[in-house]
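In what follows, a structure is listed as structure tokens, so that the remarks can point back to it.
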Amino acid sequence: MMGQFQKEFWLRFTIPLVRLDSGEIQRVRSRLPGNHNPFHYDDRTIISIDTLKQDREYRSYLEQAHWDIIIIDEAHNVARRGKGQSASQRAKLAERLATRSDTLILLSATPHDGKPESFASLMNMLDPTAIANESNYTKDDIHDLYLRRFKKDVLRDLNQSLPERNVEPVEAIASPPEEAVFRQLHDLQLVSIDRGKSAGQLFKTTLLKAFLSSPAAGMETVKNRLKTLHKKLDISTKLDQEELTDLAAGLAAIDNGIFSKYQRLLQLIKTEFNWTKKDPKDRLVIFTGRWENLRFLEAELPQDLRLKPEAIARLDGGMADIDQVEIVDKFGYENSPVRILIATEVAS
């Protein structure tokens, strides 16, 4: 997001922003005398709230600095929660920054969590005198503090130059081994877990969701449960172990050739998408919610699509922010070998 923000500011306003992460701040401090403020070093900077919220590191520097304008993006992350009483480190930081600039702009696509006190905490950063009662106020009290724009407004401003999103559900017909696993899941008894009916039903739902994602995700869920059961010694636990071991055998029988969702994905990529791996401008992003799927696709797609390993890039939330930005940049460069980006929700 920081990289995107930098590009937008440069392309739209010709304003260069110096990117500060914890490493860069330390480098700036190493160049300055000990009593100098690192936030005085550059005029225009961009920095992650999660970097800046460390009170012990930066509070004294922030309280001695002043800016003409501060912009906080994804501002809903700095609102006070609940009845306005719960202030996270991010919220405390934003409240401190609100007093350190002549102008404050808060940007968010999801500014309201339904609690008037939470939204009031954002408005109070802009004008502490606007709301007398944080639990009881109207839009008339704050009408001059916010601007609300809908998607239709943006589309109109862009003069319909934004491409329309095309959403098509795609079905995959389960193979016989997959149907067999569905029957196993339906017939599971799980005696020790079912002692608490709701808990047993919840775990069966977890198993089903994992298997619907992929056999690899289903296998990971089964293995984790078997590890837990192995620590307990009673008859009901042994019965559950036997059932889950049988289920693991059923999952192991589903190889790539009969993994219907994966084969349907390959069919889409090879034929229906008209994807051309030799065209450097033709890129694909594949989202998945599970790490097991990420690892599976990263391992299998290169050989099934006849791609070099460097043509597949992986992006997940466990990576350092610098690594994430580097991967996204590579995906965007035409001279990059990357053709497919496999990502978890972090890429959204």
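Here residue 144 does not fit the description of being at pLDDT below 90 and surrounded by 10 or more Cβ atoms within 10 Å (Cβ to Cβ).
Return yes when residue 342 is within 16 Å of the chain's Cα centre (by Cα), surrounded by 11 or more Cβ atoms within 10 Å (Cβ to Cβ) and outside any strand (DSSP E or B) and no when it is not. When the stated conditions are applied, residue 342 does not pass them.
Among the residues of the range 242-253, those that are out of contact with any Lys or Arg (no Cβ under 9 Å at 6 or more places or on another chain) and without any contact (Cβ under 8 Å) to a residue 60 or more places away in the chain comprise 242, 243, 245, 249, 252. Selection of the range 264-315 for residues being within 25 Å of residue 215 (Cα to Cα), of a type in the set (Asp, Glu) and touching a residue at least 40 places away in the same chain (Cβ under 8 Å) yields 292, 298, 300, 304. Against the numbered list (1) surrounded by fewer than 18 Cβ atoms within 10 Å (Cβ to Cβ); (2) more than 24 Å from the chain's Cα centre (by Cα); (3) modelled with pLDDT under 90, residue 84 comes up short only at (1).
Considering only residues of the range 309-339 that are small (Gly, Ala, Ser) and at pLDDT below 90, which is surrounded by the most Cβ atoms within 10 Å (Cβ to Cβ)? Here the answer is 332. Can you name the residue in the range 110-140 that is in contact (Cβ under 8 Å) with a residue 12 or more places away in the chain and surrounded by fewer than 15 Cβ atoms within 10 Å (Cβ to Cβ) and is also farthest from the chain's Cα centre (by Cα) among such residues? The selected residue is 136. The single condition from (1) more than 25 Å from residue 138 (Cα to Cα); (2) touching a residue at least 24 places away in the same chain (Cβ under 8 Å) that residue 73 fails is (1). Candidates in the range 1-46 are the residues that are outside any loop (DSSP other than H, G, I, E, B) and either touching a His at 6+ places or on another chain (Cβ under 7 Å) or polar (S, T, N, Q) (or both); of these, the one that is modelled with the lowest pLDDT is 22.
For residue 6, the test of being outside the structural domain of residue 332 (by TED's automatic domain parsing), more than 29 Å from residue 331 (Cα to Cα) and within 25 Å of the chain's Cα centre (by Cα) is failed.
Given the criteria in a strand (DSSP E or B), of a type in the set (Val, Ile, Thr) and not assigned by TED's automatic domain parsing to the domain that holds residue 22, does residue 322 qualify?
Numbers: in a strand (DSSP E or B): no; of a type in the set (Val, Ile, Thr): yes; not assigned by TED's automatic domain parsing to the domain that holds residue 22: yes.
It is false that residue 322 is in a strand (DSSP E or B), of a type in the set (Val, Ile, Thr) and not assigned by TED's automatic domain parsing to the domain that holds residue 22.
Look through the range 25-53, keep the residues that are β-branched (Val, Ile, Thr) and touching a Lys or Arg at 6+ places or on another chain (Cβ under 9 Å), and return whichever of them is nearest to residue 76 (Cα to Cα).
Here is the first cut: in the range 25-53, the residues β-branched (Val, Ile, Thr) are 25, 28, 45-47, 49, 51.
Add one more test, that the residue is touching a Lys or Arg at 6+ places or on another chain (Cβ under 9 Å), and what stays is 45-47, 49.
Working: 45: 21, 46: 18, 47: 17, 49: 12 Å.
That would be 49.
Number of residues in the range 47-57 that are within 20 Å of residue 5 (Cβ to Cβ) and part of a helix (DSSP H, G or I) equals 4.
If only residues of the range 325-339 that are in a helix (DSSP H, G or I) and of a type outside the set (Val, Ile, Thr) are counted, the one that is farthest from residue 279 (Cα to Cα) is 326. Give me the residue from the range 287-324 that is of a type in the set (S, T, N, Q) and more than 17 Å from residue 275 (Cβ to Cβ) and, out of that set, farthest from the chain's Cα centre (by Cα). Here the residue is 293. Among the residues here, residue 266 qualifies as touching an Asp or Glu at 6+ places or on another chain (Cβ under 9 Å), at pLDDT 90 or above and not assigned by TED's automatic domain parsing to the domain that holds residue 340.
The values are calculated or read from the model by the stated rules, or taken from the named source; none is laboratory data. Predicted model, so just to flag it, every value in this text is computed and none were measured. In this analysis, Cβ positions are derived from the backbone assuming ideal geometry, glycine residues included, and neighbour counts consider all displayed protein chains.
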